[in-house]
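*Asks:* Got a structure for you, written out below as structure tokens; questions coming shortly.
The values are calculated or read from the model by the stated rules, or taken from the named source; none is laboratory data. None of the values given here were measured: they were computed from a predicted structure. Cβ sites come from the backbone with ideal geometry, for glycine too, and all protein chains shown count toward neighbours.
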């Protein structure tokens with residue numbers, strides 16, 4: 001079983017691979033969406049002043065289809081390495097990469113991986129990604145750095 005947790009912003013979300021092998025994808029609602037306070041209707045309030053216009057045209061790169069599509073892609077392509085499972089390895093692998101002006105991901109790197117096989121698997125799966133919608137700064141398409149944390153977590157019943 002593979003468990004992914006999605007938050008309101010993909011770039012702050014953690015992906016969780018729950019067991020060694022298998023492929024069932026669970027997408028959990030963000031805390032803001034599942035909060036009873038967020039679901040409660042709020043009284044209409046008259047704004048005191050119009051919202052200011054954004055001063056800079058900054059937009060992060062976006063996976064085609066959005067966060068849910070990226071989660072589904074990783075659910076299909078990310079696998080817990082057998083040797084890391086046998087070694088009892090688990091933990092967070094921070095993957096960073098660039099999205100160029102055409103939306104192509106490049107320059108992949110893994111930071112602070114708890115096991116070499118976990119880093120290799122995270123990088124392997126991320127390198128399979130299709131092109132993204134490129135990011136913008138001040139209205140111009142520019143290369144931007146993206147960080148995706150992936151957390152490998154063994155279930156309590158997984159043996160060594």
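*Asks:* What number of residues within the range 45-62 satisfy the criterion of being out of contact with any strand residue (DSSP E or B) (no Cβ under 8 Å at 6 or more places or on another chain) and at pLDDT 85 or above?
*Replies:* Total meeting the criteria: 0.
*Asks:* Let me ask another. Just to be sure, is residue 146 crowded, with 18+ Cβ neighbours inside 10 Å, within 29 Å of residue 57 (Cα to Cα) and in contact with a strand residue (DSSP E or B) (Cβ under 8 Å, 6 or more places away or on another chain)?
*Replies:* yes
*Asks:* Identify the residue in the range 117-141 that is in a loop (DSSP other than H, G, I, E, B) and surrounded by fewer than 16 Cβ atoms within 10 Å (Cβ to Cβ) and, among all such residues, is modelled with the lowest pLDDT.
*Replies:* 139
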